[in-house]
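Report on one structure; see the data block that follows.
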Amino acid sequence: MKNLILIFAVIFIYGSSYAQDSNSIKKFNPSNPRNAWTLGLNVTEQGFGVNGGYYKKLNNDMDLFITLSFSSVSDPSEIKQYDYYGNEYIPGKQNRLYSIPLTVGIQRYIFREDIEGNFRPLIMAGVSPAIVLTNPYSESFFKAIKYTQMSYAVGGFIGIGLEFVESSELSLGINARYSYIPVIGREVNSLENTPLKDIGGFQISFQVNFLR
């Protein structure tokens, strides 16, 4: 988690500096283009994922958004090891886990009247119902697909983010979220005899936003 926080902090500092020097776009105002669609990459301590979503303008400062993501999930206590021949394995590993959260939330642009340039800070919050898929680690990746089982999780998230407007049609964004998404119903295990209670955690997302 420390590495993810450090990455976001570096980008935040760079973005702030860039915004102070940029004269390419005037102060953010209601007539500036806003998000319509987005595609992105998620980075967590468990690995990578992808996401896509749609934004609906509510007023000059706030958007309603809905996104769908897909990413792998693992138990924080998993430890990768290697055998004599260099093959990777995880002691006690029982299942591969994947999450498909549908996030519905509100994002609000902040400091709108104070910041010049193409830099837009924002905050966000929302809910995250999710599907959790598991299949046996003992089988090969493709063979295990036919043994996939489904469970569910539901929770919420909060986050902060930055947008860098490139043109009237495109912006780039980064956001950091912390989510709490407890599993409900059927237990899911990544490691043997260790039910995973929460599939949330800290996440950084890099996004390409298509503006309207």
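Elements of the type strands (runs of 3 or more DSSP E) sitting completely within the stretch 46-126 and holding at least 2 residues that are among the hydroxyl-bearing types (Ser, Thr, Tyr) and closer than 30 Å to TYR137 by Cα: these cover 62-73, 95-109. For the stretch 166-203, a residue qualifies if it is in a loop (DSSP other than H, G, I, E, B) and in contact with a Phe, Trp or Tyr (Cβ under 9 Å, 6 or more places away or on another chain), and the qualifying residues are GLU169, ILE181, GLY185, ARG186, GLY200. Given the conditions (1) at pLDDT below 80; (2) surrounded by 11 or more Cβ atoms within 10 Å (Cβ to Cβ); (3) assigned to a loop (DSSP other than H, G, I, E, B), which single one is not true for SER31? Just one mismatch for SER31, condition (2).
Looking across the stretch 56-80, the residues that are under 14 Å from ASN209 (Cβ atoms) and either touching a residue at least 40 places away in the same chain (Cβ under 8 Å) or among the polar types (S, T, N, Q) (or both) come down to ASP63, PHE65, THR67.
The values are calculated or read from the model by the stated rules, or taken from the named source; none is laboratory data. Remember, predicted model here, so these are calculated numbers, not experimental data. Virtual Cβ from ideal backbone geometry, glycine too; neighbours counted across all protein chains shown.
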